[in-house]
Amino acid sequence: MKIGILGAGGIGSNVAVNLVRSGVSNLKIADFDRIELSNLNRQFYFYDQIGKSKVETLRENLMRIEPNLEIEIIDKKIEKNNIKDLFSDCDILVEAFDKKEYKKLLVEEFYGSNKLIVSASGVAHHDIDDISTKKFGENLYVVGDFKKGIEEYKTYSPKVLIVASMMANIVMSKGGYYEKK
């Protein structure tokens, strides 16, 4: 089973870490961005990696956890004209975009595909008590506090990590990865 992660920032990099540490071994990760100092408070990167490609560096960091990981990276911007071609081979899609128009694009393109889609909505406010999961239809799960405000509130590691962990847990449970002893 292949999991596509669209975005390698706070949500995407931390979902990937959780999945790899849980035994998932086949990932496809896309992002066009570079690591910045301001990313280090919530993303799975390190100071000496500033300026490097997020997807290339994330692959290196994940391979340090699991050297046998199958990981395909896409260092380009995801758009309407390429999203289906790039992710049609994935069974599960993790939406980890910053911008709502890209979140909407992913849902519009794949909602009717029977692929499991796990998305985030609302990670900027500091209050973690309002984080929940909502299911839409048969294949879309959204995790967050469902509040607007990413433009005015800084994102911090505790909330980002909680949301990313909840998203990874949905992938694991709904994707059939969990096993009994």
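Pull up region 111-148, narrow it to residues that are touching a residue at least 24 places away in the same chain (Cβ under 8 Å) and among the aromatic types (F, W, Y), then point me to the one that is farthest from L86 (Cα to Cα). For region 111-148, the residue satisfying everything is F146. Residues in region 96-107 that are open to solvent by 70 Å² or more (accessible area, probe 1.4 Å), basic (K, R) and not in a loop (DSSP other than H, G, I, E, B): K100, K104. For residues that are open to solvent by 60 Å² or more (accessible area, probe 1.4 Å) and at pLDDT below 95, scanning just region 108-135, find the one that is nearest to R42 (Cα to Cα). In this case the residue turns out to be H126.
Evaluated against (1) over 16 Å from the mean Cα position of the chain (by Cα); (2) modelled with pLDDT of 85 or more; (3) of a type in the set (F, W, Y), F146 falls short on exactly one condition, (2).
The values are calculated or read from the model by the stated rules, or taken from the named source; none is laboratory data. Keep in mind the model is a prediction, meaning the values are calculated, not measured. All Cβ positions, even for glycine, are placed from backbone atoms using ideal geometry, and neighbour counts span all protein chains on display. The area values use the complete protein model at the heavy-atom level, side chains included, leaving out ligands, DNA and RNA. Shrake-Rupley method; radii C 1.70, N 1.55, O 1.52, S 1.80 Å.
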